[in-house]
1. Evaluate the distance, in nm, between pseudo-label points positioned 7 Å from the Cα of V167 and of H207 along their respective Cα→Cβ axes.
2. Once you have the Cα-Cα distance between A192 and R133, take 0.36 nm times their residue separation minus that, and quote the gain in nm to one decimal.
3. Can you compute the modelled spin-label distance between E152 and R224, with each label point 7 Å from Cα toward Cβ, in nm?
Amino acid sequence: MTDDEDRLRRGLRDLAQGDAPAGGAMGVETLLAKGRRARAHRRGAAVACAVVLTVAGAGLGLRATGPGPRTPDSRASVAAAPADQPLELGPAVARIGVGYPYDLVRSCGLRFAVFDGSKWATDTDLASTIALRGDRVSGSMTLVSKDVARFEMGSGSLKETADFHRVSGGGHCPLLPPANPAKPPVLEQSPANAVEGFWYPHDLIVHCGLRFAQFDGRWWVTVRDYAKETGIDGSGRYVFVTGFIRKTGDRAQFESPGLKPIEFRPTKEGEEPPLCS
């Protein structure tokens with residue numbers, strides 16, 4: 001029993017016993033009105049409480065049913081790039097804070113990049129959140145600081161990002177045969193049997209000029225002289241150039257930031273690289 005109900009009952013009892021003060025009937029009416037107001041107040045409070053609980057429940061429901069683990073159907077979808085489309089790798093020297101169109105190659109599980117004249121690696125597993133199609137994932141790469149570059153693709157709820165850090169040496173592509181821990185490679189090691197159309201990290205030795213490449217278990221030679229347009233003339237200014245290489249039929253194509261695609265063909269009998277290659 002509430003206080004209002006108790007006061008109402010005592011007022012009615014006093015009235016019946018003749019103990020009510022002057023204006024007692026009026027006091028009873030007042031008590032009755034007060035009781036009615038109390039009941040109305042309680043009903044209103046109950047409705048308000050129900051509304052609050054409903055709204056709060058809706059909010060909890062939104063949180064409970066918010067974004068969950070990505071399923072294959074909800075992952076960012078990547079359209080396949082044309083087979084003859086060059087990679088977007090940005091300039092040879094990037095500016096901090098500027099986003100450049102960039103393609104992450106699929107053959108390294110989207111964990112390796114060549115950007116701003118360096119090799120980069122990330123621990124972020126983008127491959128698990130992106131529906132891969134084709135040989136690459138296109139987005140943008142931004143040099144956030146001297147040693148951090150950020151890859152971004154998509155937008156809204158499907159936006160994906162990964163921070164890359166500069167690395168040195170070779171053997172950074174996790175999907176290629178692991179490097180010998182006792183003797184880590186100095187340069188990137190391409191597979192002896194490359195998959196047709198897939199890009200692989202490659203350090204092209206150019207100490208004696210941009211002419212020969214060893215890839216896919218054999219030697220290749222450029223289809224023409226690229227010295228004039230690249231400035232890589234064998235003067236010894238450059239030792240090697242880091243980029244990506246892939247084979248398509250009887251051709252191999254090498255690409256690196258700031259360079260146009262370099263095309264190779266298999267060497268013929270009598271075509272031998274100089275000793276420094």
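A short reminder: the numbers here are calculations on the coordinates, not readings from a lab. These numbers come from a predicted model, not from an experiment. Because the Cβ atoms are built from the backbone with ideal geometry, glycine has one as well, and the counts that use them run over all protein chains shown.
1. Those two pseudo-labels are separated by 2.4 nm.
2. 18.8 nm
3. 3.9 nm
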